[in-house]
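Engineer: Can you keep this structure in mind? I'll have questions shortly.
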There are 2 protein chains.
Amino acid sequence: MRGTIMDYPLTLPTILEHAGRLHGDQEIVSRHPDKSIHRYTFADFYRRSRQLAEALLQAGLKPGDRVGTLCWNHAEHLEMYFGVPCAGGVLHTLNLRLHADELAYIVNHADDRFLIVDDDLLPILEGFKEKVSFERIFVVRHGNDPLPEGMEDYEDLLTAAEGTFVYPEIEETAACGMCYTSGTTGRPKGVAYSHRGVVLHTLSAAVPDVFGLSMRDCILPIVPMFHANAWGMPTTAVMTGSKIVFTGPHMDHESVLELLESENVTLTGGVPTVWLPVVDALKKEPERWKLKKGMKFVIGGSAAPEAMIRDFDNMGYQVIHAWGMTEMTPIGTTGVPKPAFDSMSKDEQFATLAKQGIPLPFVEIRIMGDDGLAPWDGNTMGELQVRGPWIADSYYNPDDPIFSWTEDGWFRTGDVVTVDKEGYVKITDRTKDLIKSGGEWISSVDVENALMGHPQIKEAAVIAMPHEKWVERPLACVVLEENAALSPDDVREFLSQKFAKWWLPDAVEFIDEVPRTSTGKFQKLALRERFSAYRSN
Amino acid sequence: MRGTIMDYPLTLPTILEHAGRLHGDQEIVSRHPDKSIHRYTFADFYRRSRQLAEALLQAGLKPGDRVGTLCWNHAEHLEMYFGVPCAGGVLHTLNLRLHADELAYIVNHADDRFLIVDDDLLPILEGFKEKVSFERIFVVRHGNDPLPEGMEDYEDLLTAAEGTFVYPEIEETAACGMCYTSGTTGRPKGVAYSHRGVVLHTLSAAVPDVFGLSMRDCILPIVPMFHANAWGMPTTAVMTGSKIVFTGPHMDHESVLELLESENVTLTGGVPTVWLPVVDALKKEPERWKLKKGMKFVIGGSAAPEAMIRDFDNMGYQVIHAWGMTEMTPIGTTGVPKPAFDSMSKDEQFATLAKQGIPLPFVEIRIMGDDGLAPWDGNTMGELQVRGPWIADSYYNPDDPIFSWTEDGWFRTGDVVTVDKEGYVKITDRTKDLIKSGGEWISSVDVENALMGHPQIKEAAVIAMPHEKWVERPLACVVLEENAALSPDDVREFLSQKFAKWWLPDAVEFIDEVPRTSTGKFQKLALRERFSAYRSN
């Protein structure tokens, strides 16, 4: 028996219309490259997004055509977030931190037809332009430099719209966006987000125990809009009618803190490396910036060190530890305190907040260990596998063989986790970074986090090195703070307070910095290559 | 181009599993008919809901089979809310306040196969049992009376489950529930809710600007679970892991206030007639009950008088005025204060809160006036029409011809409204109650609300009477407070401070009480019949 309910598709036009009709007065604030502040309202955003959609259709955009963007976080990028999919196109955000060859590969693989690019990012485009063939290139001009030969002004594109836009019919399973994930092995792999998936992710992200956004909130996503939908923050804020603040290219801690204060931001989000200098600055000059009491810092992308969570808590701010993946639209879990939290000791609370959190409504999780499904006991490790209505079921035309889905349809995250009885996921490692010593697993992440809690240690990465007897043993690569003086034995001594003897690294190497991927994550592959000759016994 | 996202159905099993796995410790509290308090956890609820599902399948339940319930609000009813649809069945909640003939019609029309009934409601079943044919009847026994001949114990049904339950495959468009709406004209009409519609309603209801439920909340729905899914409150609380408190049959104000206090309720919901004695009691004995500061009172079903909203506000509580319909799963709008609210005078704020609110994400609204689409100017009246993924597109096998949908697929609510530029809907009348005097509309609801603001007036209903020259003119039917002494001219004089002369009722009749429908709404049809001989000139 079928329900007598309307067959109403879940698509982005409904969110854009809702925002335009109901939240027209709300503000969107962007910082330009010259550091000036640009303000307009949801009404402006609504009008211009529809203009963009109309103009793209005039330009010949066909359903499913990819439109690449090479842009910072700003209002125009938000217009593209809606204008492109509302015209039936697919927004393909390009990660401006990738190597030119990777960008060329991605653009060609996705078959991007148009490109919209920031004027201050034209040098990046220059780097791979000869290897790709965009039909038309539109430039968002913040400065006064003349347009390069053959490129057009984004504003002229919008002006071409006649205000007669009517949304095309869009199926909810149609793609609305694309993002490529550049793993450490193989070619970059593309995920095509669906309208339905983004809509459901948006609804789920808005609930109180995830981001909890209302008309009274103001968000500032530092996480780039070219990175996994900026964790869904911009789209969610558009639906909930929250004020939105964009940093443009200025993501240094002074610029960010200034905006957090002046715009009364209530929720911001970024990777741990963005927050390190922010925490330092707030500790050094506690009176300088008056941030909103109880302000929420969403931390994701990689694990938030417990010390950072404690620092934010001490200052009266709330940390929401989040975990997700490009393949998951992207949020999977958030670390909100459950009622059980209240009866924990302060140390247990912070240990819990340092975990990656509990799954969002409609994200199913399971742990697959060596012997099948693992229990939620907080100890048993296994690969985290997920399922849900905004999780990828494949990559877009992959060039390499893919082993990321199980036979029964779950996505294999590649993260090794434990889940405690409350449902908090703790990532102990990437499957490929896990150290297997004498048949037992050692979590490189746990050891790294402990190391980074040492006042004289700035950063640390722990990798496996081959061992004749134990198969693998840990090597710690440590970056010291300035003027610090630690010996390898000091480091091992420090760790021995927390870990069993067999978890302690056999060797400690002091290095200048931990190599990073384009999204700021530790690139252990580079370290493994550097220390490949290492042997311990 | 299709998104590379999992084809994952939106069904109730996912919510039940999420709740059972992640919120097992949360409490569900029910008051029994003997006034004792019953407590158990989400873990118990989860286990028993699955037992119910398994037992129903053992009993031969086929996909789409209807299971009727004749129950108060309590934990077992919540088990049915999930156990029935998770077995692939359709939960058909019967309104115990309906006439026996209506109940018989509804049960036969829906073709209910099984019934689950409270022991204290068996007398109601007695009233129509001979006119229907349930295959099996299960009784929820709170007392010790023996089971009537041919009936079975609900607990025995559950015990039959062997714990081997596996969810059947359910399409998201399949029906999960049914509710009949008994209009003032024609036979009752059935709505079949879909899994997808309920899931989306649940997600949307959870966001901060609707109910805003988190794991830290505790809800007490006074609105009956047999009435339009209890406004989605129980299902939403299950998804968000909020504590749930049920009144059982005890909805008197003392019992309700006691539970609101003792269980630390943060959000409750019911019709205005439920709240009138609560407000009176709180005003009379302000020290007696210590309710949570900022507690939310959701008021819907019919318009909340502005005086009530002011009273709650004065006491430090928040009113969320909500509007919905059985045909809408049911919530359509909620009256949360937009940022524009802050720059209003106190009077404007209360006038805004007395409106029915702004549409939920994914509810589209429009006003259809005499001359087509009406503007959102706060003045132009027209019929409210709605569209969205949880709104009915038809009735279930209707016996009468139905004119409730427009040719372009919008649901005609039958409510006459204005919408202001902020998007707040104000219901000025039912299309059939509107008074058309000399070609201009008079809102009976506006005049009623003004009358009910008079300290000596308890209730008022304004109806149209035929008029030779003006076609229709208003007649006010007024219920006075005890010991009040008002003349018809006093009443007209009072109204003249607020309304144009032509809006004033030609006549004022003092009556003992306003007749009500089974759901507590004014039954103007009865008044129109009673005063049908009236003529003014």
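The values are calculated or read from the model by the stated rules, or taken from the named source; none is laboratory data. Keep in mind it's a predicted model, so treat the numbers as computed, not measured. Please note: Cβ atoms are built from the backbone with ideal geometry, for glycine as well, and neighbour counts cover all protein chains shown.
Engineer: Does segment B:285-294 include one or more residues that are surrounded by 14 or more Cβ atoms within 10 Å (Cβ to Cβ), assigned to a helix (DSSP H, G or I) and either modelled with pLDDT of 95 or more or touching a helix residue (DSSP H, G or I) at 6+ places or on another chain (Cβ under 7 Å) (or both)?
Structural biologist: no
Engineer: Right, A:K426: out of contact with any Leu (no Cβ under 9 Å at 6 or more places or on another chain), crowded, with 18+ Cβ neighbours inside 10 Å and not aromatic (F, W, Y) or not?
Structural biologist: So A:K426 fits the description; yes.
Engineer: Taking segment B:96-122 as the region of interest, how many residues are modelled with pLDDT under 95 and under 22 Å from the mean Cα position of the chain (by Cα)?
Structural biologist: Going through segment B:96-122 one residue at a time, the tally reaches 6.
Engineer: Run down B:S204, B:S133, B:S214 and say which single residue is of a type in the set (S, T, Y) and either away from chain A (no Cβ under 14 Å) or farther than 28 Å from B:E263 by Cβ (or both).
Structural biologist: B:S133
Engineer: Out of segment A:1-52, which residues are out of contact with any helix residue (DSSP H, G or I) (no Cβ under 6 Å at 6 or more places or on another chain) and among the hydroxyl-bearing types (S, T, Y)?
Structural biologist: A:T4, A:Y8, A:T14, A:S36, A:Y40, A:T41, listed by residue number.
Engineer: On to the next question. In segment A:309-318, is there at least one residue being touching a strand residue (DSSP E or B) at 6+ places or on another chain (Cβ under 8 Å), more than 16 Å from A:P208 (Cα to Cα), more than 14 Å from every other protein chain (Cβ to nearest Cβ) and part of a loop (DSSP other than H, G, I, E, B)?
Structural biologist: Yes, some residue in segment A:309-318 is touching a strand residue (DSSP E or B) at 6+ places or on another chain (Cβ under 8 Å), more than 16 Å from A:P208 (Cα to Cα), more than 14 Å from every other protein chain (Cβ to nearest Cβ) and part of a loop (DSSP other than H, G, I, E, B).
Engineer: Let me ask another. Only one of B:G150, B:G64 is within 26 Å of B:P168 (Cα to Cα) and not in a strand (DSSP E or B). Can you tell me which?
Structural biologist: B:G64
Engineer: Ok, one more. Given the residues A:E162, A:E149, which is the only one that is over 30 Å from the mean Cα position of the chain (by Cα), over 22 Å from A:F226 (Cβ atoms) and either within 14 Å of another protein chain (Cβ to nearest Cβ) or in contact (Cβ under 8 Å) with a residue 24 or more places away in the chain (or both)?
Structural biologist: Testing whether each residue is over 30 Å from the mean Cα position of the chain (by Cα), over 22 Å from A:F226 (Cβ atoms) and either within 14 Å of another protein chain (Cβ to nearest Cβ) or in contact (Cβ under 8 Å) with a residue 24 or more places away in the chain (or both) leaves just A:E162.
Engineer: Where residues in segment B:339-359 are within 9 Å of chain A (Cβ to nearest Cβ) and in contact with a helix residue (DSSP H, G or I) (Cβ under 8 Å, 6 or more places away or on another chain), which of them is nearest to B:A307 (Cα to Cα)?
Structural biologist: B:I358
Engineer: Can I ask one more? Can you give me the number of residues within segment A:414-434 that are within 14 Å of chain B (Cβ to nearest Cβ) and assigned to a strand (DSSP E or B)?
Structural biologist: Adding up the residues that qualify gives 2.
Engineer: Taking the conditions exactly as written (modelled with pLDDT of 95 or more and facing another protein chain (nearest Cβ under 7 Å)), does B:G197 satisfy them or not?
Structural biologist: Judged against the criteria, B:G197 is a match.
Engineer: Going through segment A:499-537 one residue at a time, which ones are of a type outside the set (F, W, Y), over 32 Å from the mean Cα position of the chain (by Cα) and within 17 Å of A:D446 (Cα to Cα)?
Structural biologist: A:A500, A:K501, A:D506, A:A507, listed by residue number.
Engineer: Same structure again: Give the residues of segment A:360-372 that are within 13 Å of chain B (Cβ to nearest Cβ) and not charged (D, E, K, R), sorted by residue number.
Structural biologist: Residues satisfying the conditions are A:L360, A:P361, A:F362, A:V363, A:I365, A:I367.
Engineer: For residues that are touching a residue at least 60 places away in the same chain (Cβ under 8 Å) and of a type in the set (K, R), tally how many sit in segment A:63-115.
Structural biologist: Qualifying residue count for the region: 2.
Engineer: Which residues, taken from segment A:128-174, are among the small types (G, A, S) and either surrounded by fewer than 17 Cβ atoms within 10 Å (Cβ to Cβ) or in contact with a strand residue (DSSP E or B) (Cβ under 6 Å, 6 or more places away or on another chain) (or both)?
Structural biologist: Listed by number, the residues that qualify are A:S133, A:G143, A:G150, A:A160, A:G163.
Engineer: From A:Y154, A:Y180, which residue is within 14 Å of another protein chain (Cβ to nearest Cβ) and among the aromatic types (F, W, Y)?
Structural biologist: From the options A:Y154, A:Y180, the qualifying one is A:Y180.
Engineer: Follow-up question, since we're still on this one. How many of the residues making up segment B:375-393 are within 14 Å of chain A (Cβ to nearest Cβ) and in contact with a strand residue (DSSP E or B) (Cβ under 7 Å, 6 or more places away or on another chain)?
Structural biologist: 9
Engineer: Could you tell me which residue of segment A:295-307 is nearest to A:V271 (Cα to Cα), considering only residues that are modelled with pLDDT of 95 or more and under 18 Å from the mean Cα position of the chain (by Cα)?
Structural biologist: Across segment A:295-307, the extreme among qualifying residues is A:I299.
Engineer: Inspect all residues belonging to segment B:24-32 and state whether any of them is more than 14 Å from chain A (Cβ to nearest Cβ), crowded, with 21+ Cβ neighbours inside 10 Å and without any contact (Cβ under 8 Å) to a residue 60 or more places away in the chain.
Structural biologist: Scanning segment B:24-32, I find no residue that is more than 14 Å from chain A (Cβ to nearest Cβ), crowded, with 21+ Cβ neighbours inside 10 Å and without any contact (Cβ under 8 Å) to a residue 60 or more places away in the chain, so the answer is no.
So that you can scan it fast, the table gives a plain yes or no per residue for (1) under 21 Å from A:F350 (Cα atoms); (2) small (G, A, S):
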position: A:D433; (1), (2): no, no
position: A:S437; (1), (2): no, yes
position: A:L451; (1), (2): yes, no
position: A:L475; (1), (2): no, no
position: A:V479; (1), (2): no, no
position: A:A484; (1), (2): no, yes
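Engineer: Pick from segment B:344-380 the residues that are in the same structural domain as B:W390 (by TED's automatic domain parsing) and of a type in the set (S, T, N, Q): which of them is farthest from B:G439 (Cα to Cα)?
Structural biologist: Here the answer is B:N379.
Engineer: A further question on this structure: Pull up segment B:177-219, narrow it to residues that are closer than 21 Å to B:E102 by Cα and more than 18 Å from the chain's Cα centre (by Cα), then point me to the one that is surrounded by the most Cβ atoms within 10 Å (Cβ to Cβ).
Structural biologist: Here the answer is B:R187.
Engineer: Also, I was wondering about something else. Take segment B:478-526 and flag every residue that is assigned to a helix (DSSP H, G or I), of a type in the set (A, V, I, L, M, F, W, C), within 18 Å of B:A450 (Cβ to Cβ) and touching a Pro at 6+ places or on another chain (Cβ under 9 Å).
Structural biologist: Result: B:V491, B:L495, B:W503.
Engineer: Next up: Identify, from the list A:W323, A:W275, the residue that is under 24 Å from A:W390 (Cα atoms), among the aromatic types (F, W, Y) and in contact (Cβ under 8 Å) with a residue 24 or more places away in the chain.
Structural biologist: Only one candidate passes the filter, namely A:W323.
Engineer: Working only within segment B:356-385, note down all residues that are closer than 20 Å to B:V207 by Cα and either of a type in the set (D, E, K, R) or not in a loop (DSSP other than H, G, I, E, B) (or both).
Structural biologist: Once the filter is applied, which keeps residues that are closer than 20 Å to B:V207 by Cα and either of a type in the set (D, E, K, R) or not in a loop (DSSP other than H, G, I, E, B) (or both), segment B:356-385 yields B:G357, B:I358, B:P359, B:E364, B:I365.
Engineer: Being within 14 Å of chain B (Cβ to nearest Cβ), crowded, with 24+ Cβ neighbours inside 10 Å, modelled with pLDDT of 95 or more and not in a strand (DSSP E or B) narrows it down to one of A:G20, A:G88, so name that one.
Structural biologist: Criteria check complete, one pass: A:G88.
Engineer: So which residues in segment B:484-498 are surrounded by fewer than 17 Cβ atoms within 10 Å (Cβ to Cβ) and either under 31 Å from the mean Cα position of the chain (by Cα) or outside the structural domain of B:I457 (by TED's automatic domain parsing) (or both)?
Structural biologist: Within segment B:484-498, B:K498 is the sole residue that qualifies.
Engineer: Tell me whether segment A:406-429 contains one or more residues that are out of contact with any Asp or Glu (no Cβ under 9 Å at 6 or more places or on another chain) and within 30 Å of A:N108 (Cα to Cα).
Structural biologist: Looking through segment A:406-429, at least one residue is out of contact with any Asp or Glu (no Cβ under 9 Å at 6 or more places or on another chain) and within 30 Å of A:N108 (Cα to Cα).
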